[in-house]
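The values are calculated or read from the model by the stated rules, or taken from the named source; none is laboratory data. This is a predicted model, so every value here is computed, not measured. So basically every Cβ, Gly included, is an ideal-geometry build from the backbone, and we count neighbours across all protein chains shown. For accessibility, only protein heavy atoms count, side chains too; no ligands or nucleic acids. Shrake-Rupley method; radii C 1.70, N 1.55, O 1.52, S 1.80 Å.
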Amino acid sequence: MKVIHLLHLTRFFGHQNVHIFRKDHSTITCVLNLIDTIYRNMESGKLTGVVFLDLKKAFDTVNHRILLRKLAKYGFDQHSINWFDSYLNNRKQSVKVLGVSSGERVVRCGVPQGSILGPLLFSLYINDLPEYLESTSVSLYADDTALYCGSDTYLDIILNLRIELETVHQWLLLNKLTLNVKKTKFLIYGSKNKLKQVTQLPLHINNEEIERVETFKYLGMMLDAELNFESHVSYIYRKACSKLTMLRKTRLCMNKQVATQLYKSLILPQLEYGDIVYMTATKTSLSDLQKVQNICCRVILLENKRAHIDEMHKKLKLIPLEERRNCHLSQICFKAIHEEPKNSLSKFFKRVDEGQRRPTRTRNKMNMKVPALKSAKARLGISYRGPHHWNCLSNELKIQQKYASFRTLLYKEFKLLWDNHPT
């Protein structure tokens, strides 16, 4: 019962860019917010500098006394703090090798890993970091932290980040955490023309240089300097193909139902993770992912290359990846508009009649304002793509108030569309 109660602790997160353990927040909303900021800066002709921080043994070095003080600061009552004190302190551990156990030692710091409370307590531990920053923003997901700022020139970005990294260094010392500088990376995002103006001026923290890279894997997404996602699509294509090889080798050992379930369990998640983010990649790149799904259909149904792929999709009741990406985008739009409390994407969805005196036509009243953005690159951000996609949905979908009914109707419409697709 205690653990169930503690699952509601997310109300103590004071920063909107904390994306863990909050309703309708995830690694995807975290990445979407970050890259939308980058796209917005591109629209203004700016560069964006992002430092991806890596902490040494982050969960293992949380100081118990500091954590309990922070819980008191966030408004936990004394009874709850005593419970946490009992949970964290006087834990013992030992090591067992080849049947021989070492003596027990008291664990003096850290939060239990592999537990529900471990990531939650660590997130509360670093929750106050944004309060110390002035000229940069921060994106937090457990121990995956990104520090970023935008400016017209590379020099301004370096100067701002140097000041803020010194603040981060002091905050880490105060909280008894250590930065792994070798694994901390620095990346500059911008248009091709702006990136040509970038010099080799280095970035340091505590007199150690932070390596500047062209691509970085953040929360499972490969983010390159121009955000074209070519490297990420190639990355998931290779991962999916390795699983496809396993399916091919074992297909004759199972029936169609088991093979289909194997595809849905091992290969489809590889193709779909972060699809709302990378769906702006080129059609050529995305077609490679569709080829993986098509080959899986042939393997499952034991068909040759001459068999029509649309017919195989219908036999297996599989929706092509592009339609699935559109379904996922529709779902995340619905949650941003309707779910309470509002998530970090809700700020991008404003009704067209919001703030207007004259009533809007009934057929348009559920439409969202689409921001006026000039550059094609900026229109790839969720702040533009989201409202634009929502406005293209049927009115029957847009008037739904409950997520379950919206999702059911959404997939029914896509299934009907696909069933009527010519083969």
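Tabulated values for the structure
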| read-out | value |
| --- | --- |
| Square roots of 5 times each gyration tensor eigenvalue, C-alpha, segment 83-125, largest first, Å | 24, 12, 7 |
| Gap separating the Cα centres of segment 55-109 and segment 321-339, nearest whole Å | 40 |
| Value of relative contact order over segment 64-134, rounded to a whole percent, pairs C-alpha under 8 Å and six or more apart | 28 |
| Three principal axis lengths of segment 186-340 [C-alpha, angstrom, descending] | 60, 41, 29 |
| Shape parameters for the chain, alpha-carbon atoms, Rg then Dmax in Å | 24.4, 79 |
| Accessible surface of segment 187-241, 1.4 Å probe, proportion on carbon and sulfur as whole % | 47 |
| 0 to 90° range, to nearest 10: angle between helix 283-301 axis and the chain longest Cα axis | 70 |
| Spatially proximal lysines relative to Lys176 (Cα-Cα < 27 Å; intrachain offsets below 8 disregarded) | Lys56, Lys57, Lys70, Lys73, Lys92, Lys185, Lys217 |
| Degrees between helix 154-174 axis and first principal axis of the chain (Cα, 0 to 90, nearest 10) | 50 |
| Length-normalised contact order of segment 47-193 in % [C-alpha pairs under 8 Å, at least 6 apart] | 43 |
| Label-point separation in nm, Tyr74 to Glu413, each point 7 Å along Cα→Cβ | 3.9 |
| Shape call, segment 88-183: gyration tensor on alpha carbons, a/c limit 1.5 | prolate |
| Long pairs among Lys192/Lys369; Lys243/Lys347; Lys46/Lys239; Lys194/Lys283, criterion Cα-Cα beyond 27 Å | Lys192/Lys369; Lys243/Lys347; Lys46/Lys239 |
| Segment 114-128 and segment 250-314: distance between their alpha carbon centers, rounded to Å | 37 |
| Reach of Lys377 by Cα under 16 Å, taken over aspartates and glutamates that are not fewer than 8 positions away in the same chain | Asp36, Glu43, Asp224, Glu226, Glu230 |
| Relative pair counts by distance (%), Cα atoms of segment 153-198, 5 Å bins | 5, 16, 22, 21, 15, 11, 6, 3, 0 |
| Degrees, to the nearest 10: 382-391 long Cα axis against longest axis of the chain | 40 |
| Cα-based shape type of segment 226-299, given that a ≥ b ≥ c are square roots of the gyration tensor eigenvalues and the cut on a/c is 1.5 | prolate |
| For the chain: accessible area per residue (Å², 1.4 Å) | 53 |
| Trypsin sites (Lys or Arg not before Pro) within segment 26-122: DSSP coil, no more than 11 neighbouring Cβ in 10 Å | Arg108 |
| The chain - share of DSSP beta bridges that are antiparallel (%, nearest 5) | 90 |
| Percent carbon-and-sulfur accessible area, segment 248-348, ignoring ligands, DNA and RNA, probe 1.4 Å | 53 |
| Anchor Lys315: lysines whose Cα lies under 20 Å away (excluding residues fewer than 8 positions away in-chain) | Lys256, Lys264, Lys291, Lys305, Lys412, Lys415 |
